[in-house]
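A.B. asks: Have a look at this one.
The values are calculated or read from the model by the stated rules, or taken from the named source; none is laboratory data. What you see is a predicted model; the values in this text were computed from it and never measured. Cβ atoms come from the backbone with ideal geometry, glycine included; neighbour counts cover every protein chain shown.
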Amino acid sequence: MYVDDWITGQDTQEEALLISLHAENIMKEAGMEMRKWISNDTTLMSQWAAKGFDTYPVDTSVSLGSNKTKVLGLAWQTLDDCLTSDTKGLLEFISTNKNTKRFLLQAIGKIFDPLGLISPFTIRMKCLIQEFWKNKITWDEELPPKIVERFIFNCKNPGNRKEGPLTSEEMMEAEYFFIKQEQLRSFHTEMTAIRNGDICHKSSDSNPNFIIEIVVTKGRPKTRQMDENIRPPKWFYLHLK
């Protein structure tokens, strides 16, 4: 049986030791042994060794940050406790500059992000892939200029940092910025109405007992007048009389 790396963290050494002991016992009950335990805390590493854990590597200098180890394919610098991703191959590939769907999909496929640390960027690429299918672009035809511009902008945004490591605050800021941008793009009409104070628009129907419902289906609100006794299943709606 193959088991990938297990990554976790705790606020204190005591909590970290407790959860590691718990995990070790669970796996032993299943007849499996967890190996290559490593931490950026030398005290915890010593506690593991004293309890017979299979620590990794044997050279404990790694825990002092003099070397790097890998976690799910990402380089981990234990002293600074940061993960790094090698983008050299990706940048070299992009530099060939072929504006086809096949080329862009190959470039996107080279982005390795097993932990979702750069999801604010990768989700943009996934949205770009949707444009390929919507426009029914074949594999090797030249891409429309707008799609090429979006791809280049995402890759070469002059505001992007060229060097890391990124702090957790910066990662959260990037995520919040992306969410805000997507909200403005996907719900532009609704957000504009809210900013202008036009929360809802009354129906022009002569029936005084009108009902306005803002129905969310497939992620986009739709305002429609509905029969009072009809309730669409698994839809979220705002009911205003």
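A.B. asks: I'm trying to understand the selection: among the residues of segment 50-65, which are surrounded by fewer than 14 Cβ atoms within 10 Å (Cβ to Cβ) and at pLDDT 90 or above?
C.D. replies: If the condition is that a residue be surrounded by fewer than 14 Cβ atoms within 10 Å (Cβ to Cβ) and at pLDDT 90 or above, then Ala50, Lys51, Gly52, Asp54 are the ones that fit.
A.B. asks: How many residues does segment 78-105 hold that are assigned to a loop (DSSP other than H, G, I, E, B) and more than 15 Å from Thr122 (Cα to Cα)? Reasoning before the result, please.
C.D. replies: Step one: list which residues in segment 78-105 are assigned to a loop (DSSP other than H, G, I, E, B), which gives 78-81, 85-87, 95-99.
Filter once more, so that each one left must be more than 15 Å from Thr122 (Cα to Cα): 78-81, 86, 95-99.
So the count comes out to 10.
A.B. asks: Any idea which of Leu79, Leu90, Leu44 is surrounded by 13 or more Cβ atoms within 10 Å (Cβ to Cβ), modelled with pLDDT of 90 or more and in contact with a helix residue (DSSP H, G or I) (Cβ under 9 Å, 6 or more places away or on another chain)? Don't jump to the end; show me each part of the working.
C.D. replies: Numbers: Leu79 fails: modelled with pLDDT of 90 or more; Leu90 fails: modelled with pLDDT of 90 or more.
Every option except Leu44 fails the conditions.
A.B. asks: Within the set of pairs 6 or more residues apart or between chains, which connect a residue that is among the acidic types (Asp, Glu) inside segment 111-138 to a residue that is exposed (fewer than 13 other Cβ atoms within 10 Å of the Cβ) with Cβ atoms less than 9 Å apart?
C.D. replies: That search, which allows pairs on different chains as well, returns Glu131/Lys146.
A.B. asks: Something else: What's the number of the only condition in (1) farther than 30 Å from Gln13 by Cα; (2) at pLDDT below 90; (3) surrounded by 15 or more Cβ atoms within 10 Å (Cβ to Cβ); (4) polar (S, T, N, Q) that Thr100 fails to meet?
C.D. replies: (2)
A.B. asks: Is it true that some residue in segment 91-110 is among the polar types (S, T, N, Q) and closer than 30 Å to Leu44 by Cα? Step through it out loud before you land on a result.
C.D. replies: Initial filter on segment 91-110 (among the polar types (S, T, N, Q)): 95-97, 99-100, 106.
Those left that are additionally closer than 30 Å to Leu44 by Cα: none.
Within segment 91-110, not a single residue is among the polar types (S, T, N, Q) and closer than 30 Å to Leu44 by Cα.
A.B. asks: Kindly list the number of the only condition in (1) surrounded by 14 or more Cβ atoms within 10 Å (Cβ to Cβ); (2) modelled with pLDDT under 80 that fails for Leu105.
C.D. replies: (2)
A.B. asks: How many residues are touching a residue at least 24 places away in the same chain (Cβ under 8 Å), in a helix (DSSP H, G or I) and among the hydroxyl-bearing types (Ser, Thr, Tyr) when one looks only at segment 31-60?
C.D. replies: The qualifying residues number 1.
A.B. asks: A follow-up question, please. Is it the case that Lys28 is at pLDDT 80 or above and part of a strand (DSSP E or B)?
C.D. replies: On the way: at pLDDT 80 or above: yes; part of a strand (DSSP E or B): no.
Criteria not met by Lys28.
A.B. asks: Moving on to the next point. Every residue in segment 5-48 that is in contact with a strand residue (DSSP E or B) (Cβ under 9 Å, 6 or more places away or on another chain) and at positive phi, please.
C.D. replies: Hit for segment 5-48 is Lys36, nothing else.
A.B. asks: If you go through segment 108-127 one residue at a time, do you hit one that is on the phi < 0 side of the Ramachandran plot, more than 20 Å from the chain's Cα centre (by Cα), of a type outside the set (Asp, Glu) and crowded, with 16+ Cβ neighbours inside 10 Å?
C.D. replies: Restricting attention to segment 108-127, the residues satisfying the condition of being on the phi < 0 side of the Ramachandran plot are 108-115, 117-127.
Next, from what is left, pick out any that are more than 20 Å from the chain's Cα centre (by Cα): none.
No, segment 108-127 contains no residue that is on the phi < 0 side of the Ramachandran plot, more than 20 Å from the chain's Cα centre (by Cα), of a type outside the set (Asp, Glu) and crowded, with 16+ Cβ neighbours inside 10 Å.
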